[in-house]
Amino acid sequence: MTTRAGFVALIGEPNAGKSTLTNRLVGAKVSIVTHKVQTTRARIRGVAMDGDAQIVLVDTPGLFKPRRRLDRAMVAAAWGGAADADITVLLVEAHRGITPGVEEILSRLEEIGQGRTVVLAINKIDRVQAPVLLALTKDLNERYAFAETFMISAEKGHGAADLKRWLGEHLPEGPWLYPEDQIADLPLRMIAAEITREKLTLRLHQELPYQLTVETEAWEEREDGSARIDQIVYVARDGHKGIVLGHRGETIKSVSTAARTELEEFMGRKVHLFLQVKVRPNWLDEAERYSEMGLDFRDGA
Ligand SMILES: Nc1nc2c(ncn2[C@@H]2O[C@H](COP(=O)(O)OP(=O)(O)OP(=O)(O)O)[C@@H](O)[C@H]2O)c(=O)[nH]1
Ligand SMILES: [Mg+2]
């Protein structure tokens, strides 16, 4: 049997649907998703199988104009993901079309994309009519020599199977990179921290989700088969701590319940989750926070 295997990086503007597509192709939730921009902070690998092909999807942070050190490290991680991949998929939102952000990505691709396989995936096609899609496909293909164009809805699933098949067929021949039953390449403690960060992002408003990070501090396997997980939510200011806790601790309690429920589902066993909120004014400039997130601190310089 000839097997194929390789890396497929998903890039695009924040909110384009990269993580949704990663989860769709893997067939399980390996990367967190919210309606807010800049949800994904580091490269998240998910493993999908298509016949004899193993497709290692590399979900990346959205590409935008970075302001903070964290933003710069995120954007660097995204481009790094594309540089290391066998195939790069650019996701563009059907209803938003060619935004200034997409223009910028296209010109950067023009610089580094030479000799690389770049595929276009127009996502969220459930939000537009056919004529809009055809015009957008034409415009985008006039601007960049994409190897192929797919029209998909990562959320509803349209076009996902075709894209997956194409990716599998275009990966190089070679042995699989992961065991057949592995779906993600992220330590459990990091997945657990990401799940909590997703719940916080969904629950908190405005800038706050961008000013916090979550780390799994301790993990204890108990004799009854359950796990005790202790996590720290780092915030930058005193005022933020109060908001994260909420009136009588209601906010953190509901975040904790939602995160625990999802963790239990993911791990298939009982979890005791303990969240602690700590104020750490300089966490955005601490190298250790970056390595915990899976980012390179130096990339943010
Ligand atoms: N209508 C519609 N919504 C979608 C589709 N795909 C993704 N979304 C939604 O778009 C939002 C962003 O999805 P994500 O997968 O988090 O996007 P992302 O590109 O990973 O975003 P960042 O991690 O912030 O860069 C979520 O609310 C998704 O439910 C789609 O095909 N149709
Ligand atoms: Mg994402």
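The values are calculated or read from the model by the stated rules, or taken from the named source; none is laboratory data. Everything quoted here is computed from the prediction, not taken from an experiment. Positions of Cβ are backbone-derived with ideal geometry, glycine not excepted, and every protein chain shown enters the neighbour counts.
Within segment 241-258, is even one residue under 30 Å from ARG67 (Cβ atoms) and not in a helix (DSSP H, G or I)?
Just the residues of segment 241-258 that are under 30 Å from ARG67 (Cβ atoms), to begin with: 241-246, 251-252, 255, 258.
Imposing the further condition that a residue be not in a helix (DSSP H, G or I) reduces the set to 246.
Within segment 241-258, one or more residues are under 30 Å from ARG67 (Cβ atoms) and not in a helix (DSSP H, G or I).
Only one of ASP224, ASP230, ASP299 is assigned to a loop (DSSP other than H, G, I, E, B) and among the acidic types (Asp, Glu); which?
Working: ASP230 fails: assigned to a loop (DSSP other than H, G, I, E, B); ASP299 fails: assigned to a loop (DSSP other than H, G, I, E, B).
Exactly one residue qualifies, and that residue is ASP224.
Condition first: under 17 Å from ARG197 (Cβ atoms), of a type in the set (S, T, N, Q) and more than 19 Å from the chain's Cα centre (by Cα). Can you find one or more residues in segment 269-276 that meet it?
Filtering segment 269-276 for residues under 17 Å from ARG197 (Cβ atoms) gives 271, 273-276.
Pick out the ones that are also of a type in the set (S, T, N, Q) and you get 276.
Of the ones still in play, those that are also more than 19 Å from the chain's Cα centre (by Cα) are 276.
Within segment 269-276, one or more residues are under 17 Å from ARG197 (Cβ atoms), of a type in the set (S, T, N, Q) and more than 19 Å from the chain's Cα centre (by Cα).
Quick one: what pairs do we get from segment 136-151, first residue over 20 Å from ARG165 (Cα atoms), second assigned to a helix (DSSP H, G or I) and of a type outside the set (A, V, I, L, M), C-beta under 8 Å, 6+ apart or different chains?
Close Cβ pairs satisfying both conditions: TYR144/GLU110.
Just to be sure before I move on: is ALA154 surrounded by fewer than 20 Cβ atoms within 10 Å (Cβ to Cβ) and either aliphatic (A, V, I, L, M) or not in a loop (DSSP other than H, G, I, E, B) (or both) in the structure I sent? Steps first, answer last, please.
On the way: surrounded by fewer than 20 Cβ atoms within 10 Å (Cβ to Cβ): no; either aliphatic (A, V, I, L, M) or not in a loop (DSSP other than H, G, I, E, B) (or both): yes.
Considered against the rule, which asks whether it is surrounded by fewer than 20 Cβ atoms within 10 Å (Cβ to Cβ) and either aliphatic (A, V, I, L, M) or not in a loop (DSSP other than H, G, I, E, B) (or both), ALA154 comes out as no.
Quickly run through segment 208-221 and pick out the residues that are among the hydrophobic types (A, V, I, L, M, F, W, C) and assigned to a strand (DSSP E or B).
Result: LEU212, VAL214, ALA218, TRP219.
Of all residues being away from ligand 2 (no atom under 16 Å from the Cβ) and surrounded by 15 or more Cβ atoms within 10 Å (Cβ to Cβ) in segment 97-115, which is nearest to LYS156 (Cα to Cα)? Just the residue, please. If you could, list the steps in order and put the result at the bottom.
Of the residues in segment 97-115, the ones away from ligand 2 (no atom under 16 Å from the Cβ) are 97-100, 102-104, 106-115.
Imposing the further condition that a residue be surrounded by 15 or more Cβ atoms within 10 Å (Cβ to Cβ) reduces the set to 97, 102, 106, 109, 113.
Values: GLY97: 19, VAL102: 23, LEU106: 26, LEU109: 28, GLY113: 30 Å.
Of everything passing the filter in segment 97-115, GLY97 is nearest to LYS156 (Cα to Cα).
Scan segment 11-43 for residues that are under 23 Å from GLU103 (Cα atoms) and either touching a Pro at 6+ places or on another chain (Cβ under 6 Å) or near ligand 1 (Cβ under 8 Å from one of its atoms) (or both) and report the count.
Adding up the residues that qualify gives 17.
Scan segment 71-118 for residues that are of a type in the set (A, V, I, L, M), assigned to a helix (DSSP H, G or I) and farther than 30 Å from GLU286 by Cβ and report the count.
Here is the first cut: in segment 71-118, the ones of a type in the set (A, V, I, L, M) are 73-78, 82-83, 85, 87, 89-92, 94, 98, 102, 105-106, 109, 112, 118.
After this cut, where a residue has to be assigned to a helix (DSSP H, G or I) as well, the list is 73-78, 82-83, 102, 105-106, 109, 112.
Going one step further and asking which of them are farther than 30 Å from GLU286 by Cβ, we end up with 102, 106, 109, 112.
So the answer is 4.
Confirm whether ARG269 is surrounded by 18 or more Cβ atoms within 10 Å (Cβ to Cβ), charged (D, E, K, R) and out of contact with any helix residue (DSSP H, G or I) (no Cβ under 8 Å at 6 or more places or on another chain).
Values: surrounded by 18 or more Cβ atoms within 10 Å (Cβ to Cβ): no; charged (D, E, K, R): yes; out of contact with any helix residue (DSSP H, G or I) (no Cβ under 8 Å at 6 or more places or on another chain): yes.
It is false that ARG269 is surrounded by 18 or more Cβ atoms within 10 Å (Cβ to Cβ), charged (D, E, K, R) and out of contact with any helix residue (DSSP H, G or I) (no Cβ under 8 Å at 6 or more places or on another chain).
In segment 119-146, which residues are within 16 Å of ligand 2 (Cβ to nearest atom) and either of a type in the set (A, V, I, L, M, F, W, C) or part of a helix (DSSP H, G or I) (or both)?
ALA121
Testing ALA73 on (1) over 23 Å from ALA161 (Cα atoms); (2) surrounded by fewer than 22 Cβ atoms within 10 Å (Cβ to Cβ), one condition comes back false. Which one is that?
(2)
Would you point out the residue of segment 51-71, among those that are farther than 15 Å from ILE105 by Cα and charged (D, E, K, R), that is nearest to ligand 1 (Cβ to nearest atom)? Can you show your working first?
Of segment 51-71, the ones farther than 15 Å from ILE105 by Cα are 51-59, 67-71.
Filter once more, keeping what is charged (D, E, K, R): 52, 59, 67-69, 71.
Working: ASP52: 28, ASP59: 7, ARG67: 15, ARG68: 15, ARG69: 18, ASP71: 12 Å.
In this case the residue turns out to be ASP59.
Return the residue satisfying two criteria in turn: it lies in segment 154-203 and is within 16 Å of ligand 1 (Cβ to nearest atom) and more than 19 Å from the chain's Cα centre (by Cα), and of such residues it is nearest to SER254 (Cα to Cα).
Top of the filtered list is HIS158.
Just to be sure I understand the filter: pairs with C-beta atoms under 8 Å, separated by 6 or more residues or on different chains, first member in segment 160-173 and among the aromatic types (Phe, Trp, Tyr), second member modelled with pLDDT of 95 or more. Which pairs pass?
Filtered contacts from segment 160-173: TRP166/VAL119; TRP166/GLU148; TRP166/PHE150.
Among TRP166, TRP219, which is the only one that is in the same structural domain as GLU250 (by TED's automatic domain parsing) and surrounded by fewer than 18 Cβ atoms within 10 Å (Cβ to Cβ)?
Numbers: TRP166 fails: in the same structural domain as GLU250 (by TED's automatic domain parsing).
Just a single option satisfies the conditions, and that option is TRP219.
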